[in-house]
1. Filtering region A:132-157 down to residues that are surrounded by 15 or more Cβ atoms within 10 Å (Cβ to Cβ) and polar (S, T, N, Q), which residue is modelled with the highest pLDDT?
2. State whether the residues of region B:45-56 include one that is farther than 19 Å from A:S47 by Cβ, touching a Gly at 6+ places or on another chain (Cβ under 9 Å) and more than 14 Å from every other protein chain (Cβ to nearest Cβ).
3. Might you let me know whether region B:248-257 holds any residue that is part of a loop (DSSP other than H, G, I, E, B) and either on the phi > 0 side of the Ramachandran plot or in contact (Cβ under 8 Å) with a residue 12 or more places away in the chain (or both)?
4. Check off (1) within 14 Å of chain A (Cβ to nearest Cβ); (2) farther than 30 Å from B:A201 by Cα for B:P98 and give me the number that stays unchecked.
5. So which residues in region A:110-127 are over 21 Å from B:N76 (Cα atoms) and in a strand (DSSP E or B), if there are any at all?
6. For region A:128-149, what are the residues that are in a loop (DSSP other than H, G, I, E, B) and within 11 Å of another protein chain (Cβ to nearest Cβ)?
7. Of the numbered conditions (1) under 17 Å from the mean Cα position of the chain (by Cα); (2) surrounded by 15 or more Cβ atoms within 10 Å (Cβ to Cβ); (3) at pLDDT below 95, B:L221 fails exactly one; give the number of that condition.
Amino acid sequence: MKREAERLGLNRIISHLTLLLLVVSQSGSITVRSVSDSTHLHAVYPSKLELVLPHEGDLQMSDASSGNDAKTSILILVRSNIDWLLQAKGNYGGKMQKVTDSGVLLKDQMRVQYTGESASNEVILTNNYKNYRRGPPGEYQIPTDFKQRFAWDDQPTNYTVRVSFKVSPD
Amino acid sequence: MIKMKSVLLLLEFFSFLAIFVQASHALAVEGVIFDAEVIPGEKIAHEMTVTLGEGESPMDLAVEIDDWGQSEDGVNLPVEGRASPGPYSARGFLTVEPLRFHIEPGGAEKVMVKGDVPEDVGSGGRYALINICSLPGKVKEDAENSVGISVAVSALARLIIAGTDQVRRGEIAEANLSDVSRRHQNLSLIFENTGNCHFKAGAEAILMNRDRNILGRSSSLLSSNILPGAKRLYLLSLTPEKELEPGCYFINATINCENGTLLASKELEFDL
(Lines give C-alpha, C1' and ligand atoms only; values in the text may rest on other atoms or scores of the structure.)
Protein backbone atom coordinates (compact mmCIF):
# COMPACT_ATOMS: atom_id res chain seq x y z
CA MET A 1 0.00 0.00 0.00
CA LYS A 2 2.80 2.35 1.00
CA ARG A 3 4.75 1.47 -2.14
CA GLU A 4 1.68 2.11 -4.26
CA ALA A 5 1.27 5.56 -2.69
CA GLU A 6 4.93 6.38 -3.32
CA ARG A 7 4.59 5.21 -6.93
CA LEU A 8 1.53 7.43 -7.44
CA GLY A 9 3.40 10.33 -5.85
CA LEU A 10 6.33 9.85 -8.20
CA ASN A 11 3.98 9.77 -11.17
CA ARG A 12 2.50 13.09 -10.05
CA ILE A 13 5.99 14.60 -9.67
CA ILE A 14 6.91 13.42 -13.16
CA SER A 15 3.66 14.80 -14.60
CA HIS A 16 4.21 18.21 -13.00
CA LEU A 17 7.83 18.33 -14.11
CA THR A 18 6.68 17.52 -17.65
CA LEU A 19 4.11 20.31 -17.49
CA LEU A 20 6.72 22.76 -16.24
CA LEU A 21 9.12 21.78 -19.01
CA LEU A 22 6.32 22.17 -21.55
CA VAL A 23 5.51 25.66 -20.29
CA VAL A 24 9.17 26.69 -20.28
CA SER A 25 9.67 25.34 -23.80
CA GLN A 26 6.59 27.24 -25.04
CA SER A 27 7.79 30.52 -23.57
CA GLY A 28 10.17 30.93 -26.51
CA SER A 29 13.19 32.04 -24.52
CA ILE A 30 15.11 28.88 -25.26
CA THR A 31 14.37 26.74 -28.25
CA VAL A 32 16.09 23.50 -29.02
CA ARG A 33 15.81 22.67 -32.68
CA SER A 34 16.83 19.37 -34.19
CA VAL A 35 18.77 19.26 -37.42
CA SER A 36 17.08 16.74 -39.72
CA ASP A 37 20.16 15.20 -41.30
CA SER A 38 22.22 14.99 -38.17
CA THR A 39 22.09 13.07 -34.96
CA HIS A 40 23.22 16.11 -33.01
CA LEU A 41 20.85 18.60 -31.49
CA HIS A 42 21.60 22.16 -32.49
CA ALA A 43 20.74 24.50 -29.62
CA VAL A 44 19.45 27.90 -30.69
CA TYR A 45 19.10 30.72 -28.21
CA PRO A 46 17.25 33.43 -30.14
CA SER A 47 17.49 36.92 -28.74
CA LYS A 48 14.03 38.10 -27.84
CA LEU A 49 12.47 41.38 -26.76
CA GLU A 50 8.87 41.83 -25.77
CA LEU A 51 7.10 45.03 -24.88
CA VAL A 52 3.65 45.00 -23.31
CA LEU A 53 1.70 48.22 -23.17
CA PRO A 54 -1.95 48.92 -22.35
CA HIS A 55 -4.31 47.12 -24.70
CA GLU A 56 -6.48 49.95 -25.86
CA GLY A 57 -3.64 52.25 -26.85
CA ASP A 58 -5.31 55.47 -25.87
CA LEU A 59 -5.47 56.75 -22.33
CA GLN A 60 -7.44 59.63 -20.97
CA MET A 61 -5.61 62.44 -19.23
CA SER A 62 -7.54 63.63 -16.24
CA ASP A 63 -7.58 66.81 -14.15
CA ALA A 64 -6.27 69.09 -16.89
CA SER A 65 -6.44 72.72 -15.95
CA SER A 66 -4.21 75.68 -16.63
CA GLY A 67 -1.12 75.57 -14.45
CA ASN A 68 -1.75 72.04 -13.17
CA ASP A 69 -0.55 68.58 -14.10
CA ALA A 70 -2.89 66.31 -15.96
CA LYS A 71 -1.94 62.74 -15.19
CA THR A 72 -2.53 59.18 -16.19
CA SER A 73 -0.85 55.94 -15.14
CA ILE A 74 0.02 52.76 -17.01
CA LEU A 75 1.96 49.58 -16.38
CA ILE A 76 4.64 48.71 -18.95
CA LEU A 77 6.05 45.22 -19.09
CA VAL A 78 9.38 44.27 -20.66
CA ARG A 79 10.42 40.66 -21.15
CA SER A 80 13.84 39.96 -22.57
CA ASN A 81 16.54 37.33 -22.60
CA ILE A 82 19.24 39.97 -23.29
CA ASP A 83 20.24 43.32 -21.73
CA TRP A 84 17.63 45.86 -22.80
CA LEU A 85 17.02 49.59 -22.98
CA LEU A 86 13.60 51.22 -23.06
CA GLN A 87 13.35 54.70 -24.54
CA ALA A 88 10.43 57.08 -24.85
CA LYS A 89 9.56 60.10 -26.96
CA GLY A 90 6.61 62.40 -27.23
CA ASN A 91 4.98 63.09 -30.56
CA TYR A 92 2.76 65.77 -31.86
CA GLY A 93 -0.60 64.23 -32.54
CA GLY A 94 -3.99 65.75 -33.11
CA LYS A 95 -4.90 69.29 -32.26
CA MET A 96 -2.41 70.98 -30.01
CA GLN A 97 -2.03 74.57 -28.93
CA LYS A 98 1.09 76.48 -28.19
CA VAL A 99 1.65 77.65 -24.66
CA THR A 100 0.74 81.26 -25.15
CA ASP A 101 3.14 82.92 -22.75
CA SER A 102 6.34 81.06 -23.62
CA GLY A 103 5.89 79.81 -27.15
CA VAL A 104 6.76 76.26 -26.09
CA LEU A 105 4.70 73.47 -27.52
CA LEU A 106 2.71 71.42 -25.06
CA LYS A 107 4.44 68.26 -26.25
CA ASP A 108 7.71 69.49 -24.73
CA GLN A 109 6.13 69.36 -21.33
CA MET A 110 5.14 65.71 -21.50
CA ARG A 111 6.90 63.78 -18.78
CA VAL A 112 7.12 60.15 -17.77
CA GLN A 113 8.18 58.81 -14.42
CA TYR A 114 8.82 55.36 -13.02
CA THR A 115 6.73 55.09 -9.88
CA GLY A 116 7.65 51.63 -8.60
CA GLU A 117 10.16 50.86 -5.88
CA SER A 118 13.02 53.38 -5.97
CA ALA A 119 10.94 55.75 -8.08
CA SER A 120 13.03 57.65 -10.62
CA ASN A 121 13.25 61.25 -11.72
CA GLU A 122 10.93 62.41 -14.43
CA VAL A 123 12.06 62.15 -18.03
CA ILE A 124 10.98 65.05 -20.22
CA LEU A 125 9.92 63.78 -23.60
CA THR A 126 10.76 65.47 -26.87
CA ASN A 127 10.73 64.50 -30.53
CA ASN A 128 13.84 62.38 -29.96
CA TYR A 129 13.93 59.20 -27.93
CA LYS A 130 15.08 59.68 -24.32
CA ASN A 131 16.45 56.90 -22.13
CA TYR A 132 13.79 55.72 -19.77
CA ARG A 133 14.75 52.40 -18.16
CA ARG A 134 17.34 49.70 -18.79
CA GLY A 135 18.01 46.32 -17.29
CA PRO A 136 19.47 42.83 -17.59
CA PRO A 137 17.59 39.80 -18.96
CA GLY A 138 14.31 39.02 -17.23
CA GLU A 139 10.77 40.23 -16.83
CA TYR A 140 10.14 43.74 -15.53
CA GLN A 141 6.99 45.58 -14.57
CA ILE A 142 7.44 49.31 -15.00
CA PRO A 143 4.64 51.34 -13.41
CA THR A 144 4.67 54.69 -15.18
CA ASP A 145 3.00 58.03 -14.72
CA PHE A 146 2.43 60.38 -17.63
CA LYS A 147 2.16 63.99 -16.63
CA GLN A 148 1.60 67.11 -18.62
CA ARG A 149 1.45 70.63 -17.30
CA PHE A 150 -0.81 72.89 -19.23
CA ALA A 151 -0.71 76.63 -19.34
CA TRP A 152 -3.21 78.37 -21.50
CA ASP A 153 -5.08 81.58 -21.88
CA ASP A 154 -7.73 80.01 -24.08
CA GLN A 155 -8.40 76.44 -23.06
CA PRO A 156 -7.87 74.00 -25.94
CA THR A 157 -10.96 71.98 -26.61
CA ASN A 158 -9.19 68.93 -27.94
CA TYR A 159 -5.63 67.75 -27.49
CA THR A 160 -4.03 64.44 -28.27
CA VAL A 161 -0.54 63.39 -27.34
CA ARG A 162 1.29 60.43 -28.81
CA VAL A 163 4.00 58.75 -26.82
CA SER A 164 6.31 56.18 -28.42
CA PHE A 165 8.22 53.51 -26.55
CA LYS A 166 11.13 51.70 -28.15
CA VAL A 167 12.93 48.72 -26.68
CA SER A 168 16.30 47.62 -28.02
CA PRO A 169 19.23 45.41 -27.03
CA ASP A 170 21.50 47.39 -24.70
CA MET B 1 6.15 10.63 2.88
CA ILE B 2 5.83 14.16 4.32
CA LYS B 3 8.76 15.25 2.19
CA MET B 4 7.13 13.86 -0.93
CA LYS B 5 3.90 15.75 -0.11
CA SER B 6 5.88 18.97 0.25
CA VAL B 7 7.58 18.40 -3.10
CA LEU B 8 4.22 17.70 -4.71
CA LEU B 9 2.63 20.82 -3.24
CA LEU B 10 5.57 22.92 -4.42
CA LEU B 11 5.43 21.51 -7.94
CA GLU B 12 1.66 21.99 -8.11
CA PHE B 13 2.13 25.61 -7.06
CA PHE B 14 4.80 26.27 -9.72
CA SER B 15 2.77 24.50 -12.42
CA PHE B 16 -0.22 26.69 -11.54
CA LEU B 17 1.91 29.82 -11.55
CA ALA B 18 3.65 28.97 -14.83
CA ILE B 19 0.36 28.63 -16.68
CA PHE B 20 -0.71 32.13 -15.60
CA VAL B 21 2.68 33.78 -16.08
CA GLN B 22 2.74 32.94 -19.79
CA ALA B 23 -0.78 34.25 -20.41
CA SER B 24 0.25 37.89 -20.88
CA HIS B 25 1.79 38.58 -24.28
CA ALA B 26 2.02 41.63 -26.57
CA LEU B 27 4.42 42.90 -29.27
CA ALA B 28 7.44 40.64 -29.32
CA VAL B 29 10.33 40.23 -31.72
CA GLU B 30 12.46 37.11 -31.75
CA GLY B 31 15.88 37.24 -33.38
CA VAL B 32 16.62 40.87 -32.46
CA ILE B 33 20.37 40.32 -32.77
CA PHE B 34 21.75 39.30 -36.16
CA ASP B 35 25.31 38.23 -35.33
CA ALA B 36 27.17 36.61 -38.19
CA GLU B 37 30.59 36.09 -39.71
CA VAL B 38 30.22 36.77 -43.42
CA ILE B 39 32.37 36.19 -46.49
CA PRO B 40 32.78 38.86 -49.22
CA GLY B 41 30.44 37.96 -52.09
CA GLU B 42 28.22 35.83 -49.85
CA LYS B 43 24.43 36.01 -49.77
CA ILE B 44 23.20 36.26 -46.20
CA ALA B 45 19.80 36.09 -44.54
CA HIS B 46 18.38 36.44 -41.07
CA GLU B 47 14.82 35.83 -39.97
CA MET B 48 12.98 37.69 -37.24
CA THR B 49 9.54 36.79 -35.99
CA VAL B 50 7.17 39.53 -34.92
CA THR B 51 4.20 38.43 -32.84
CA LEU B 52 1.24 40.28 -31.40
CA GLY B 53 -0.52 38.97 -28.31
CA GLU B 54 -4.09 37.74 -28.18
CA GLY B 55 -6.51 40.44 -27.14
CA GLU B 56 -4.34 43.28 -28.51
CA SER B 57 -5.55 45.77 -31.08
CA PRO B 58 -4.51 44.99 -34.68
CA MET B 59 -1.35 46.84 -35.59
CA ASP B 60 0.28 48.29 -38.72
CA LEU B 61 4.06 48.14 -38.57
CA ALA B 62 6.91 49.59 -40.63
CA VAL B 63 10.45 48.23 -40.89
CA GLU B 64 13.48 50.38 -41.70
CA ILE B 65 17.23 49.82 -41.88
CA ASP B 66 19.39 52.63 -40.52
CA ASP B 67 23.04 53.39 -39.96
CA TRP B 68 23.79 52.46 -36.38
CA GLY B 69 25.24 55.16 -34.14
CA GLN B 70 25.94 55.18 -30.42
CA SER B 71 25.78 57.93 -27.83
CA GLU B 72 28.53 58.30 -25.21
CA ASP B 73 26.41 56.40 -22.70
CA GLY B 74 26.15 53.48 -25.09
CA VAL B 75 22.64 53.97 -26.40
CA ASN B 76 22.06 52.58 -29.89
CA LEU B 77 20.66 55.28 -32.15
CA PRO B 78 19.85 55.59 -35.84
CA VAL B 79 22.18 58.04 -37.57
CA GLU B 80 19.92 60.64 -39.08
CA GLY B 81 20.49 62.84 -42.08
CA ARG B 82 23.18 60.72 -43.73
CA ALA B 83 22.45 60.02 -47.38
CA SER B 84 25.14 57.44 -48.07
CA PRO B 85 26.03 54.69 -45.60
CA GLY B 86 28.88 55.35 -43.16
CA PRO B 87 32.25 53.54 -43.41
CA TYR B 88 31.22 50.70 -41.07
CA SER B 89 27.58 50.58 -42.13
CA ALA B 90 25.89 47.47 -43.47
CA ARG B 91 22.87 49.51 -44.61
CA GLY B 92 24.14 49.70 -48.20
CA PHE B 93 23.95 45.96 -48.79
CA LEU B 94 21.09 44.88 -46.52
CA THR B 95 17.43 44.83 -47.45
CA VAL B 96 14.39 43.92 -45.41
CA GLU B 97 11.04 42.40 -46.35
CA PRO B 98 8.29 43.30 -45.79
CA LEU B 99 8.75 47.03 -45.32
CA ARG B 100 5.20 47.37 -44.02
CA PHE B 101 2.78 44.82 -42.69
CA HIS B 102 -0.41 44.41 -40.76
CA ILE B 103 -0.63 42.04 -37.85
CA GLU B 104 -3.76 40.72 -36.19
CA PRO B 105 -4.05 39.75 -32.51
CA GLY B 106 -2.39 36.40 -31.94
CA GLY B 107 -0.68 36.66 -35.32
CA ALA B 108 2.96 36.25 -36.31
CA GLU B 109 4.88 37.78 -39.22
CA LYS B 110 8.29 36.78 -40.49
CA VAL B 111 10.63 39.66 -41.28
CA MET B 112 13.56 38.67 -43.48
CA VAL B 113 16.80 40.61 -43.54
CA LYS B 114 18.81 39.75 -46.66
CA GLY B 115 22.11 40.93 -47.98
CA ASP B 116 24.67 40.55 -50.75
CA VAL B 117 28.00 41.15 -49.09
CA PRO B 118 30.10 43.15 -51.61
CA GLU B 119 33.35 41.57 -52.79
CA ASP B 120 35.13 44.79 -51.80
CA VAL B 121 33.36 45.15 -48.47
CA GLY B 122 36.65 45.73 -46.67
CA SER B 123 37.76 44.49 -43.27
CA GLY B 124 36.46 44.48 -39.72
CA GLY B 125 32.79 44.76 -38.85
CA ARG B 126 29.69 46.14 -40.56
CA TYR B 127 26.66 47.27 -38.63
CA ALA B 128 23.04 48.35 -39.00
CA LEU B 129 19.94 49.00 -36.92
CA ILE B 130 16.67 47.45 -37.99
CA ASN B 131 13.74 49.39 -36.58
CA ILE B 132 10.30 47.84 -36.37
CA CYS B 133 7.74 50.40 -35.27
CA SER B 134 3.99 50.64 -35.09
CA LEU B 135 2.37 53.23 -37.32
CA PRO B 136 0.12 55.77 -35.65
CA GLY B 137 -3.53 54.84 -35.86
CA LYS B 138 -6.15 57.31 -36.96
CA VAL B 139 -7.18 59.72 -34.25
CA LYS B 140 -10.66 58.77 -33.15
CA GLU B 141 -13.22 61.53 -33.30
CA ASP B 142 -14.17 60.96 -29.69
CA ALA B 143 -10.54 60.67 -28.53
CA GLU B 144 -10.41 64.01 -26.79
CA ASN B 145 -7.67 64.72 -24.31
CA SER B 146 -6.04 61.39 -24.85
CA VAL B 147 -2.58 59.85 -24.91
CA GLY B 148 -1.87 57.64 -27.90
CA ILE B 149 0.84 55.05 -27.45
CA SER B 150 3.00 53.51 -30.15
CA VAL B 151 5.69 50.87 -29.80
CA ALA B 152 8.95 50.08 -31.55
CA VAL B 153 11.60 47.41 -31.32
CA SER B 154 15.11 48.04 -32.56
CA ALA B 155 17.09 45.04 -33.79
CA LEU B 156 20.86 44.89 -34.37
CA ALA B 157 22.91 43.57 -37.29
CA ARG B 158 26.57 42.87 -36.37
CA LEU B 159 28.47 41.35 -39.25
CA ILE B 160 32.12 40.39 -39.03
CA ILE B 161 33.97 40.07 -42.34
CA ALA B 162 35.61 36.65 -42.25
CA GLY B 163 39.28 36.34 -43.08
CA THR B 164 40.06 40.00 -42.41
CA ASP B 165 41.94 41.66 -39.57
CA GLN B 166 39.73 42.54 -36.62
CA VAL B 167 41.52 45.58 -35.23
CA ARG B 168 40.67 46.28 -31.61
CA ARG B 169 42.25 49.57 -30.62
CA GLY B 170 41.32 52.95 -29.24
CA GLU B 171 42.39 56.06 -27.44
CA ILE B 172 41.36 58.10 -24.45
CA ALA B 173 40.04 61.20 -26.17
CA GLU B 174 39.28 63.09 -22.95
CA ALA B 175 40.21 62.65 -19.30
CA ASN B 176 38.97 65.02 -16.62
CA LEU B 177 39.22 65.16 -12.86
CA SER B 178 36.50 66.73 -10.76
CA ASP B 179 35.59 67.07 -7.08
CA VAL B 180 39.22 66.55 -6.13
CA SER B 181 39.72 66.53 -2.36
CA ARG B 182 41.85 64.69 0.20
CA ARG B 183 39.15 62.05 0.59
CA HIS B 184 37.76 61.71 -2.90
CA GLN B 185 38.50 62.17 -6.63
CA ASN B 186 36.17 61.72 -9.58
CA LEU B 187 37.52 60.83 -12.99
CA SER B 188 35.68 60.91 -16.31
CA LEU B 189 37.16 59.25 -19.38
CA ILE B 190 35.94 59.37 -22.94
CA PHE B 191 37.27 56.43 -24.91
CA GLU B 192 37.08 56.27 -28.70
CA ASN B 193 37.10 53.02 -30.64
CA THR B 194 39.59 53.70 -33.47
CA GLY B 195 39.64 50.07 -34.60
CA ASN B 196 37.48 48.47 -37.28
CA CYS B 197 35.20 46.22 -35.23
CA HIS B 198 33.09 46.24 -32.08
CA PHE B 199 34.28 45.15 -28.66
CA LYS B 200 33.51 45.54 -24.98
CA ALA B 201 35.90 47.41 -22.72
CA GLY B 202 36.33 48.38 -19.10
CA ALA B 203 38.15 51.27 -17.40
CA GLU B 204 40.47 51.22 -14.41
CA ALA B 205 42.09 54.04 -12.43
CA ILE B 206 44.96 53.74 -9.96
CA LEU B 207 45.82 56.54 -7.55
CA MET B 208 49.53 56.87 -6.68
CA ASN B 209 51.76 59.23 -4.75
CA ARG B 210 55.05 60.66 -5.98
CA ASP B 211 56.87 57.46 -4.90
CA ARG B 212 54.43 55.43 -7.03
CA ASN B 213 52.86 53.75 -4.02
CA ILE B 214 49.29 52.72 -4.77
CA LEU B 215 46.79 54.58 -2.56
CA GLY B 216 43.52 53.57 -4.16
CA ARG B 217 41.96 52.11 -7.24
CA SER B 218 38.62 51.98 -9.02
CA SER B 219 37.30 50.05 -11.99
CA SER B 220 34.17 50.09 -14.12
CA LEU B 221 32.02 47.22 -15.25
CA LEU B 222 32.66 45.93 -18.75
CA SER B 223 30.77 48.17 -21.16
CA SER B 224 28.31 47.04 -23.80
CA ASN B 225 29.77 46.69 -27.31
CA ILE B 226 31.46 49.84 -28.62
CA LEU B 227 31.16 50.30 -32.40
CA PRO B 228 34.10 51.50 -34.50
CA GLY B 229 34.17 55.29 -34.45
CA ALA B 230 31.95 55.47 -31.36
CA LYS B 231 32.92 57.11 -28.08
CA ARG B 232 32.10 55.79 -24.61
CA LEU B 233 32.02 57.66 -21.32
CA TYR B 234 33.41 56.02 -18.18
CA LEU B 235 32.94 57.56 -14.73
CA LEU B 236 35.24 56.39 -11.96
CA SER B 237 35.28 57.39 -8.34
CA LEU B 238 38.43 57.07 -6.25
CA THR B 239 38.38 56.99 -2.46
CA PRO B 240 41.83 56.50 -0.93
CA GLU B 241 42.03 54.36 2.22
CA LYS B 242 43.68 57.23 4.12
CA GLU B 243 43.03 60.94 3.73
CA LEU B 244 45.67 62.36 1.38
CA GLU B 245 48.39 64.65 2.71
CA PRO B 246 49.22 67.84 0.79
CA GLY B 247 51.43 66.96 -2.17
CA CYS B 248 51.53 65.79 -5.75
CA TYR B 249 49.56 62.73 -6.88
CA PHE B 250 49.06 60.75 -10.07
CA ILE B 251 46.16 58.81 -11.50
CA ASN B 252 46.95 56.15 -14.06
CA ALA B 253 43.83 55.49 -16.17
CA THR B 254 43.61 52.50 -18.48
CA ILE B 255 41.03 51.04 -20.83
CA ASN B 256 41.16 47.28 -21.28
CA CYS B 257 39.48 45.19 -23.94
CA GLU B 258 37.20 42.33 -22.89
CA ASN B 259 40.01 39.89 -23.78
CA GLY B 260 42.34 41.66 -21.33
CA THR B 261 44.38 43.58 -23.92
CA LEU B 262 45.42 47.09 -22.93
CA LEU B 263 43.78 49.49 -25.37
CA ALA B 264 44.75 52.91 -24.03
CA SER B 265 46.24 54.60 -20.99
CA LYS B 266 46.67 58.11 -19.69
CA GLU B 267 48.32 59.62 -16.65
CA LEU B 268 46.87 62.61 -14.86
CA GLU B 269 48.62 64.67 -12.19
CA PHE B 270 47.07 66.78 -9.47
CA ASP B 271 48.23 68.74 -6.44
CA LEU B 272 46.63 69.07 -3.05
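1. A:T144
2. no
3. No, there is no match, as no residue in region B:248-257 is part of a loop (DSSP other than H, G, I, E, B) and either on the phi > 0 side of the Ramachandran plot or in contact (Cβ under 8 Å) with a residue 12 or more places away in the chain (or both).
4. (1)
5. A:M110, A:R111, A:Q113, A:Y114
6. If the condition is that a residue be in a loop (DSSP other than H, G, I, E, B) and within 11 Å of another protein chain (Cβ to nearest Cβ), then A:N128, A:Y129 are the ones that fit.
7. Only one criterion in (1) under 17 Å from the mean Cα position of the chain (by Cα); (2) surrounded by 15 or more Cβ atoms within 10 Å (Cβ to Cβ); (3) at pLDDT below 95 is unmet by B:L221, namely (2).
The values are calculated or read from the model by the stated rules, or taken from the named source; none is laboratory data. From a predicted model like this one, the values you see are computed outputs, not experimental measurements. As a convention, Cβ positions derive from the backbone with ideal geometry for all residues, glycine included, and neighbour counts pool all protein chains shown.
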